[in-house]
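A.B. asks: Encoded as structure tokens, here's the structure I'll be asking about.
What follows is calculated from the coordinates using simple rules that are stated; it is not laboratory data. Quick caveat: nothing in here was measured; it's all calculated off a predicted structure. Don't worry about glycine lacking a Cβ; one is built from the backbone with ideal geometry, like all the others, and counts go over all protein chains shown.
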Amino acid sequence: MPLTQIQKALDDPRLQKAVYSATGRLADGRRKTVADLPEYQKLRQHAHDIKQHTLEHLDTYLEELERSVIARGGKVIWANTAAEACDFVTNLARDRGVKLVVKSKSMTTEEIHLNHHLERHGIDAVETDLGEYIIQLSGETPYHIIAPALHKTREQVAEVLHAAPNATPEALTAIARATLRKKFLDAGIGITGANFLVADSGAIVLVENEGNARLSSSAPRIHIAISGIEKVIPRAQDLAVFLKLLARSATGQALSVYTSFLSGPRRPGETDGPEEFCLVLLDHGRTSVLADREKRQSLYCIRCGACLNHCPVYRKIGGYSYPWVYSGPIGKILTPQFAETLEKEGADLHASWLPFASSLCGACGEVCPVKIEIPKILLELRQESPKKREEKLAMRLFSWIMRHPRVYEQFRWVRKMRKLPSAGPLKAWLSERDLPELPARSFREEWKRRK
Amino acid sequence: MLTRIRAALAGSVKEPPPPVWLDPDPPDANAAAMFAQALTELGGQVHEAANLAEARAILEPLLAGRRVIASSAPLVRACGIESQYSRGACADAEIGVTSADFAIANTGTLVFLTEPRLISLLPPRHIAVIDRAKILLSLDALFSRVPQPAALSSSMVLATGPSRTADIEMRLVRGVHGPGEIIVVIVADVTAS
């Protein structure tokens, strides 16, 4: 458990306020726009059913997707690992002589550390979502799935943008717009993620508010979309359901500002658009999650961030207390399931505590637009955890002591101690917990006295 | 990868997908008024013109003396606006003028299938001249009318209001990468007078 990181978040009143008010506003927005949909609960179920069906037939839909992307003049790259995905991008950039890449916000590329990889190969990769750009300039990672720079003050933003310390958000945005505008026009490759992959159309769908995903996918000569294989849906028409849910759950908008439905490169007769389109389909541990029938639904996630905004734990400890790029409740269920894959890559994750850092209040499951049963999966992960085995043993011992009054009597000395020893096996346990003040006499002593 | 996927799915039963869910249009809705209200709430401006002459009269003062890049959509040409497309011209223009293949009333959305990608994107102000008959009521109506967007174009874009961000202290700022201003002129009768 990253106690220092958690303590740091708890001890920073400004950060506490920023995270609490931002997540609160997003949650309020969600509540108001979801109320517009009388059939909201049915839509959630329908979205859940489509995701369930698609994942149960994932091989078929991915093959259909590949065929339809190729039919539209695009290229499909199957990447088993993070390294394979990154290598494809760097090799293509080298082949085409590209030195500058623009990127629009994508958690999948964060997951595979694409920017580091490109930098190491001498390719300049510029994040273009305003929040991601701020984070990149600060040398940090996203704080929240949909609001990456949520923890930054305007003064901190002004500093990284070399602006006057009292610059307004409007002025700061204008500075970023001007700098990034040049990058869009000069870049040889634009990289995006994908919110959905549409099997029957060979299309990717990008949902955003700023216009940077539109620019990244339209201005450079080459567009590369990198997406997890779980993002596929069967038909273009299924988007009516998903689009109604996604923006409402994320930011409380009826629809995000821009939804782009892109199939292949520019066609003959079209005025603009990229000349080459490549879709990288990434596994990176997803097939092993898929293999678990019960927890497979973790892959239904459409990355709206609603579970973060409603989580009493995320709202206190913030995005940097989680060991992987996905934070909040969805991070708590994804990270342990991806741990094996990530550890093979040399990551030192310590993910086993995650399923326990939950009050199981159930808010995450209630607001999930695709009805992932996050609390249930947390419980299943607890059952599987090695920590659980230790706890079970301790509980069994405790229960035995409690059922044997004579033995229990022998432990009177425990409560006589002012402080429990904060060493040995109890040290870590105690460092996370405060013991209550005990009364002078125990119940048993008091009982004896009064009799 | 497909082998791993098939192994992971071993034992699952082949089933048809859940049916497509597209709601039918509610009766008696005034699509143009609904569109205008939704887009105005998002910070856009909406003008209604009875015919092309009225549309031209609305557009003229907006475009006079400005660097304009316009698409070659028939409705844009019918308003007497023409320009030569180039990336440079898009990047340099103060105003981009397009039409829209459809609009969605309940969300205030413009739908581009045949428009160039950059004209409605690079200039800080976007003006769209649209045919009132192309305003659909909902997203469901769009996907009923266009079940296969990829059959028509490499790019279908739904644009709902001005470009915006709230990445700095959750403060709403318009016009971060796309246009910060959107003006839509709805033309009731598009037949040339």
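A.B. asks: If R₀ is 56 angstrom, what is the calculated FRET efficiency for the pair residue A:340 and residue A:445, using the beta carbon separation as r and rounding to 0.05?
C.D. replies: For R0 = 56 Å, the calculated efficiency reads 0.60.
A.B. asks: Okay, moving on. Once amide H atoms are built 1.01 Å from N in the peptide plane, which residues 5 or more positions from residue B:181, or in another chain, come under 5 Å H to H?
C.D. replies: B:126
A.B. asks: I need the semi-axes of the equivalent ellipsoid of the stretch A:221-261: take the C-alpha gyration tensor, multiply each eigenvalue by 5, square-root it, list largest first in whole angstrom.
C.D. replies: Values for the stretch A:221-261, descending: 21, 15, 11 Å.
A.B. asks: With θ set to phi - 60°, apply the Karplus curve 6.51 cos²θ - 1.76 cosθ + 1.60 along the stretch B:17-24 and write out the HN-Hα couplings as whole Hz, x wherever there is a Gly or Pro.
C.D. replies: Residue by residue, the stretch B:17-24 yields x, x, x, 5, 10, 10, 6, x Hz.
A.B. asks: How many lysine pairs does the stretch A:46-287 hold where the Cα atoms are under 17 Å apart and the two sit 8 or more places apart or on different chains?
C.D. replies: Lysine pairs, 8 or more places apart or on different chains, close enough: 9.
A.B. asks: Here is a further query. Could you quote the convex hull projected area for the stretch A:157-303, Cα atoms only and averaged over all directions, in nm²?
C.D. replies: If I average the Cα hull's projected area over directions, I get 11.4 nm².
A.B. asks: At residue A:41 and residue A:407, where each label point lies 7 Å from the Cα along Cα→Cβ, what is the point-to-point distance in nanometres?
C.D. replies: According to this spin-label approximation, the distance is 4.8 nm.
A.B. asks: Report, as an integer, the average count of C-beta atoms from other chains found within 10 Å of each Cβ along B:143-151.
C.D. replies: 6
A.B. asks: Let me ask something additional. For a test of the definition: using alpha carbon positions, the gyration tensor, and the 1.5 limit on a/c, classify the stretch B:30-189 as rounded, prolate or oblate.
C.D. replies: It is rounded, given that a/c, with a ≥ b ≥ c, falls under 1.5.
A.B. asks: Trypsin sites (Lys or Arg not before Pro), restricted to the stretch A:49-133: which are DSSP loop and have at most 15 other Cβ atoms within 10 Å?
C.D. replies: A:96, A:99
A.B. asks: Using alpha carbon centroids, what distance separates the stretch A:162-211 and the stretch B:118-165, in Å?
C.D. replies: Between the Cα centre of the stretch A:162-211 and that of the stretch B:118-165, the gap is 19 Å.
A.B. asks: Which aspartates and glutamates, on any chain, are close to residue B:134 with Cα under 13 Å apart, when same-chain ones fewer than 8 places away are left out?
C.D. replies: Result set, ordered by chain and number: B:101, B:189.
A.B. asks: For the stretch A:46-287, what is the Kirkwood estimate of the hydrodynamic radius, computed as the reciprocal of the mean inverse distance between distinct Cα atoms, to one decimal in Å?
C.D. replies: Evaluated over the stretch A:46-287, this radius sits at 18.5 Å.
A.B. asks: Mind checking A:168-181 for the average number of partner chain beta-carbons within 10 Å of each residue's beta-carbon?
C.D. replies: 4
A.B. asks: Sticking with this one: Which residues' amide hydrogens lie under 5 Å from the amide hydrogen of residue A:228, considering only partners 5 or more residues apart or on another chain, with H built in the peptide plane?
C.D. replies: Hits under the 5 Å cutoff: A:282.
A.B. asks: Counting partner chain Cβ atoms within 10 Å of every residue's Cβ in A:239-252, what's the average?
C.D. replies: 3
A.B. asks: Next question. List the residues, sorted by chain then number, that are 5 or more residues from residue B:51 or on another chain and whose placed amide H is less than 5 Å from its amide H.
C.D. replies: Those lying under 5 Å, H to H, from residue B:51 are B:188, B:189.
A.B. asks: Let me ask something else about it. If each DSSP helix of 4+ residues adds -39,500 (n - 2.57) and the sum is divided by the residues in chain A, what number results at 222 nm, nearest 500 deg cm²/dmol?
C.D. replies: So the helix-based figure for chain A works out to -14500 deg cm²/dmol.
A.B. asks: Still on this structure: Taking the C-alpha atoms of the stretch A:16-102, how large are the radius of gyration and the largest Cα-Cα span, Dmax, in Å?
C.D. replies: Calculated on Cα positions, Rg and Dmax stand at 20.7, 53 Å.
A.B. asks: Using only alpha-carbon positions, what ratio does the radius of gyration of the stretch A:92-148 give when scaled by 2.2 N^0.38 Å?
C.D. replies: So the stretch A:92-148 has a normalised radius of gyration of 1.12.
A.B. asks: Can you list the HN-Hα couplings for the stretch A:53-70, worked out from phi with the Karplus curve (6.51, -1.76, 1.60; θ = phi - 60°), rounded to whole Hz and with x for Gly and Pro?
C.D. replies: Going residue by residue, I get 4, 5, 5, 5, 10, 4, 4, 4, 5, 5, 5, 4, 4, 4, 4, 6, 5, 5 Hz, with x marking Gly and Pro.
A.B. asks: If one computes the Cα centroid of the stretch A:71-138 and of the stretch B:17-31, what distance in Å separates the two points?
C.D. replies: Taking the Cα centre of the stretch B:17-31 as reference, the centre of the stretch A:71-138 is 39 Å away.
A.B. asks: A further question follows. Need one word for the stretch A:188-258: rounded, prolate or oblate. Basis is the Cα gyration tensor (sqrt eigenvalues a ≥ b ≥ c); a/c below 1.5 gives rounded, then a/b vs b/c decides.
C.D. replies: Oblate, since a/c reaches 1.5 and b/c is not below a/b.
A.B. asks: Moving on. At 0.36 nm per residue, and after removing the present C-alpha to C-alpha distance, how many nm does the segment from residue B:188 to residue B:29 gain when stretched out fully?
C.D. replies: Using 0.36 nm per residue and subtracting the Cα-Cα distance, I get 55.6 nm.
A.B. asks: Among B:128-140, B:50-62, how do they line up by average Cβ neighbours within 10 Å per residue, starting with the highest?
C.D. replies: B:128-140, B:50-62
A.B. asks: Find which of B:36, B:103, A:245 sits farthest along the positive direction of the dipole of the protein assembly as shown, computed with +1 on the beta-carbon of Lys and Arg, -1 on that of Asp and Glu, about the Cα centre.
C.D. replies: Towards the positive end, the residue furthest out is A:245.
A.B. asks: I need the Debye-formula profile for the protein assembly as shown: one equal scatterer per C-alpha, no solvent, reported as log10 I(q)/I(0) at q = 0.11 1/Å, two decimals.
C.D. replies: So the normalised log intensities are -1.09.
A.B. asks: Please report how far the C-alpha centroid of the stretch A:280-349 lies from that of the stretch B:57-112, rounded to the nearest whole angstrom.
C.D. replies: Their Cα centres are 44 Å away from one another.
A.B. asks: Right, another one. When the helix-only estimate is applied to chain B (DSSP H runs of n ≥ 4, each -39,500 (n - 2.57), divided by the residue count), what is the mean residue ellipticity at 222 nm, nearest 500 deg cm²/dmol?
C.D. replies: Only helices count here, giving -7000 deg cm²/dmol.
A.B. asks: As an exercise, use a Förster radius of 41 Å and the Cβ-Cβ distance of residue A:349 and residue A:94 to find the FRET efficiency, rounded to the nearest 0.05.
C.D. replies: 0.85
A.B. asks: Quick one: Karplus J couplings for the stretch A:252-261, per residue in order, coefficients 6.51, -1.76, 1.60, θ = phi - 60°, nearest Hz, x for Gly and Pro?
C.D. replies: So the J values, rounded to whole Hz, are x, 9, 5, 8, 5, 4, 10, 10, 10, 10.
A.B. asks: Which stretch or stretches of the stretch A:173-203 have amide N atoms under 15 Å from the point lying 7 Å from residue B:113's Cα along the Cα→Cβ direction?
C.D. replies: Hits in the stretch A:173-203 for residue B:113 at 15 Å: A:201.
A.B. asks: Name the shape class, rounded, prolate or oblate, that the alpha-carbon gyration tensor gives for the stretch A:1-153, where a ≥ b ≥ c are the square roots of its eigenvalues, rounded holds for a/c under 1.5, and otherwise prolate holds if a/b is larger than b/c and oblate otherwise.
C.D. replies: oblate
A.B. asks: Next question. Starting from the Cα of residue B:62, step 7 Å along the direction of its Cβ; do the same at residue B:2; then give the gap between the two resulting points in nm.
C.D. replies: Between residue B:62 and residue B:2, the simple spin-label model gives 5.0 nm.
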